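**Q** I'd like to ask you about the structure that follows.
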Amino acid sequence: MQNLLINVGGIELHIREYEREGEPVIFLHYSGSNLMMWQGVVPYFQKDYRLILVDLRGHGRSDKPPTGYHIDDMAGDVVGLIEHLKLDQAHIVGSSLGAEVGLCLAANHPERVMSLVCAGALYSEYGPYGIWEGSEAEFKEDVARQLAEVRNSPDPVFATAEALVAASRQRFEKHGWWNQYFEAMQEYDVYELGEGRYARSWQKWAKEKYLEHYFDYRFEEYYRRVKCPVLMLPSEEEMRDERIVRAMNGLSELVHRVKIVLVHGAVHPYGWLLDPEGMSKAVLEFLAEIRN
């Protein structure tokens, strides 16, 4: 295992690589997370695959440039990473934001992606494959409200790294989710602002930049251009929502080869931390199937 800083397009991406003989698998985390979210998953893949865990821009120990938070930009970062590592192709496993970036990568650079796992990007917010049921004007009003809420929300700053992790622990413990993987992810996520001030690595301004684009994404425009096999991994809550299921099924019809799997008890986007074995087995079974 080695940690690397790789320059792509003028910014540095931090990655953790587990070099093995075998096909490469690139893991892309959810918004507000980092490469440590995959630590429970690594043992299930490590024997047979070359693993590459990525801190997306604005996250973890990667650079935090002032712009570039559209998924097209972040997918471009991953292409630069693939080229730097001299990979021909890779399997892509994405959670939430990571799934959106992976989908964009598979659509815009199909020659680079062997397969795509999407635990996210399963529906658009608006449009024929969206979940919004009101008018376009009502949708725009709701988007403006959500963006304003984020803009006006506090940006927590802590006096110590320990206080930051303790706050995260309290938040996740309310749901009974805190475990060794959450702890490792949160400890890694501490970002020192200087002068005895600490914050989470994915800062509010970067989240705002991302959300400025998010509500305009029409994932059907990407799925139509995907050439590789796709595994969709909805959560149990998503599978109980008829609007999401309808949109997901519609998107799945745009892909030549697709499989939808529900891992029992899956929680978006935390399934990889809560049940790394179950989520990993679903992906490994999919990878075995597409080789045949």
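**Q** As an exercise, identify the trypsin sites (Lys or Arg not before Pro) in the range 180-221 lying in DSSP coil whose Cβ has no more than 15 other Cβ atoms within 10 Å.
**A** Listed in order of number, the matching sites are R218.
**Q** Let me ask you something else. For the range 215-292, with only Lys/Arg (+1) and Asp/Glu (-1) charged at the beta-carbon, what is the dipole magnitude about the Cα centre, in debye rounded to 20?
**A** Computed charge dipole of the range 215-292: roughly 420 debye.
**Q** Name the most mobile residue of G194, G60, G68, meaning the one with the largest mean-square fluctuation, in a Gaussian network model of the chain with Cα contacts below 10 Å.
**A** G194
**Q** Using helices alone, I'd like the mean residue ellipticity at 222 nm for the chain: each DSSP H run of four-plus residues gives -39500 (n - 2.57), total over residue count, nearest 500.
**A** Calculated at 222 nm, the ellipticity per residue is -12000 deg cm²/dmol.
**Q** Once you order the gyration tensor axes a ≥ b ≥ c over the Cα atoms, which shape class does the range 33-95 get: rounded for a/c under 1.5, otherwise prolate or oblate by comparing a/b with b/c?
**A** oblate
**Q** Using alpha carbons only, how many angstrom separate the centre of the range 3-29 from the centre of the range 225-273?
**A** Rounded to whole Å, the Cα centres lie 26 Å apart.
**Q** Could you compute the FRET efficiency for E285 and L211, with r as their C-beta to C-beta distance and R0 at 45 Å, rounded to 0.05?
**A** 0.85
**Q** Tally Lys/Arg at +1 and Asp/Glu at -1 over every other residue whose Cβ is under 14 Å from the Cβ of W202; what's the total?
**A** Neighbour charge sum, excluding W202 itself: +2.
**Q** When the convex hull of the C-alpha atoms of the range 43-141 is computed, what volume per residue in Å³ does it have?
**A** In the range 43-141, the Cα convex hull volume per residue is 138 Å³.
**Q** Return the single residue from H213, H175, H29 with maximal mean-square fluctuation; model: Gaussian network over the chain, springs between Cα atoms under 10 Å.
**A** Comparing H213, H175, H29 in a Gaussian network model of the chain, the most mobile one is H175.
**Q** For the range 152-205, with the dipole built from +1 on Lys and Arg beta-carbon atoms and -1 on Asp and Glu ones, taken about the Cα centre, which of P154, Q203, S168 lies farthest toward the positive end?
**A** Checking the options against the dipole of the range 152-205, the answer is P154.
**Q** With +1 on the Cβ of every Lys and Arg and -1 on the Cβ of every Asp and Glu, and nothing else charged, how large is the dipole of the chain about its Cα centre, in debye rounded to the nearest 20?
**A** About 320 debye.
**Q** Choose one of Y30, I131, I260: the residue whose Cα lies farthest towards the positive end of the charge dipole of the chain (beta-carbon charges +1 Lys, Arg; -1 Asp, Glu; about the Cα centre).
**A** It is I260, whose Cα lies furthest towards the positive end.
**Q** DSSP beta bridges in the chain, what fraction antiparallel, as a percent rounded to 5?
**A** Counting only bridges with both partners in the chain, antiparallel ones make up about 40 percent.
**Q** Going by amide H atoms built from the backbone, whose H comes under 5 Å of the H on E12, apart from near neighbours?
**A** Long-range HN contacts for E12: D63.
**Q** Continuing with this model, one more query. Can you work out ³J(HN,Hα) from phi for every residue in the range 157-165, in order, using Karplus 6.51 cos²θ - 1.76 cosθ + 1.60 and θ = phi - 60°, giving whole Hz and x for Gly and Pro?
**A** 10, 10, 6, 9, 5, 5, 5, 5, 5
**Q** Return the Cα extents of the range 120-166 along principal axes one, two and three, sorted largest first, each rounded to a whole Å.
**A** Principal-axis extents of the Cα atoms in the range 120-166, largest first: 47, 24, 10 Å.
A short reminder: the numbers here are calculations on the coordinates, not readings from a lab. Keep in mind that this is a model prediction, so the values were computed, not measured. Virtual Cβ from ideal backbone geometry, glycine too; neighbours counted across all protein chains shown.
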